[in-house]
Amino acid sequence: MKTIYCTISDSCDCDFKPNIQGLEWDLYKNLYGQHLVQDIVSESVTSFLQKQSPDRPLVLSFHGASGTGKSMVSAMLARHLYGTSMCSPYIHQYVPTLHFPLANRVKQYRSDLKNWIQGNLTACARSVFIFDEMEKMPPGVIDVLEPFLGPSHVVFQTNYRKAIYIFITTAGQEVINKVTLENRQAGRDREEIQAKQLEEAIADAVYDNKKSGFYHSNIISAKRITHFVPFLPLCRRHVERCAQRELCQRGECQRRDVAVAVGGAMSYTPQDGQHFSSTGCKLVPAKVNLFL
């Protein structure tokens, strides 16, 4: 009876327990060097959830280099929307190398994906769909989602417009890194970078990239992405903050020396400036192990 009620009622939560203040605080406290992400994610999610009957799903596309926080923000969203992080039965994660590994089976993958999406939406309109490593997605597969992301599709027994879609990819990182470097070389504060400087360039970059799952995608050309969210490359101070957080999680908050050592042990780019961590915060746990 609950499933039937969920499919027809605007008030059914399907275990949906949004904590917007918690999300905003988590982004502020634990995401370093990403003012654009903090602003875009908190504002777009808040605005979307305030609508009893949204006109289309919320579609966020996360772009940036490895280790800049894309997967972490996805986990934050899951935790503050359902309270169980990625363990909720209404949060669905797809990894191309696992779910869509063969480039010659695009037709089959499209059919499978469409059925998965429809089935999960019927179970709960508030479903969250996360597509990781989009740069490894065979081009053409993801386009089967385009009708689900617009305002006028029909999915029987559910309000599909309540769903949230998140795409995660390193595609577009060159554009983001270039703008961030130019901003630094011009002597401007990092926080002066604005989303409008990057969103259109990111869309063009992934649309024209043959190694992107968004290559010539209808999702891009039909403007189904609500926001292209740029994750900026991280500086040494951000890496040290990641290390400090890792230390605190291990009960070693007082070991500031380890955080500084981790920051110094990372490699940085470009060669003539050494401004940005080559791997973001991705290797921080391993480096902390080394120096503890």
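Observations, loosely collected:
- The set of residues from the stretch 150-169 being under 21 Å from GLU200 (Cβ atoms) and either at pLDDT 95 or above or outside the structural domain of CYS14 (by TED's automatic domain parsing) (or both) comprises TYR165, ILE166, PHE167, ILE168, THR169.
- Taken as a whole, the structure places GLN93 among residues that are farther than 30 Å from TYR268 by Cα and surrounded by 14 or more Cβ atoms within 10 Å (Cβ to Cβ).
- Of the helices (runs of 4 or more DSSP H) contained entirely in the stretch 17-115, those carrying at least 2 residues that are hydroxyl-bearing (Ser, Thr, Tyr) fall at 35-49, 70-82.
- Boolean, SER66 is under 19 Å from PRO147 (Cβ atoms) and surrounded by fewer than 17 Cβ atoms within 10 Å (Cβ to Cβ): no
- Matching helices (runs of 4 or more DSSP H) fully within the stretch 211-288 where at least 2 residues are without any contact (Cβ under 8 Å) to a residue 24 or more places away in the chain and in the same structural domain as SER44 (by TED's automatic domain parsing): 218-221
- Failed item in (1) of a type outside the set (Phe, Trp, Tyr); (2) farther than 23 Å from PRO18 by Cβ; (3) at pLDDT 95 or above, with SER61 passing the rest: (2)
- Any pair with Cβ under 8 angstrom, 6 or more apart, that starts in the stretch 92-121 at a residue that is assigned by TED's automatic domain parsing to the domain that holds GLU146 and over 27 Å from LEU81 (Cα atoms) and ends at one that is assigned to a helix (DSSP H, G or I) and acidic (Asp, Glu): ARG110/ASP143
Let's see how each residue does on (1) surrounded by 15 or more Cβ atoms within 10 Å (Cβ to Cβ); (2) modelled with pLDDT under 95:
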| residue | (1), (2) |
| --- | --- |
| CYS242 | yes, no |
| ALA261 | yes, no |
| THR269 | yes, yes |
| GLY273 | no, yes |
| VAL284 | yes, no |
| LEU292 | no, yes |
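- Considering (1) crowded, with 20+ Cβ neighbours inside 10 Å; (2) more than 20 Å from the chain's Cα centre (by Cα); (3) of a type in the set (S, T, N, Q); (4) in a helix (DSSP H, G or I), the lone condition that THR180 does not fulfil carries the number (2).
- Exactly one residue out of ILE166, ILE202 is touching a strand residue (DSSP E or B) at 6+ places or on another chain (Cβ under 6 Å) and assigned to a strand (DSSP E or B), and it is ILE166.
- Residues located in the stretch 96-129, provided they are exposed (fewer than 14 other Cβ atoms within 10 Å of the Cβ) and among the hydrophobic types (A, V, I, L, M, F, W, C): LEU98, LEU102, ALA103
- Where TYR28 falls short, out of the listed (1) of a type in the set (Phe, Trp, Tyr); (2) exposed (fewer than 14 other Cβ atoms within 10 Å of the Cβ); (3) under 23 Å from ALA123 (Cα atoms): (3)
- For SER127: the one exception among (1) closer than 18 Å to PRO54 by Cβ; (2) at pLDDT 95 or above: (2)
- Close pairs (6 angstrom Cβ cut-off, 6 or more residues apart or separate chains): modelled with pLDDT under 90 in the stretch 1-28, crowded, with 16+ Cβ neighbours inside 10 Å and of a type in the set (Lys, Arg) anywhere: CYS14/ARG126; PHE16/ARG126
The values are calculated or read from the model by the stated rules, or taken from the named source; none is laboratory data. It should be emphasised that the depicted structure is a prediction, and the values quoted were computed from it without experimental measurement. Glycine also receives a Cβ, built like all others from the backbone with ideal geometry; neighbour counts cover every protein chain displayed.
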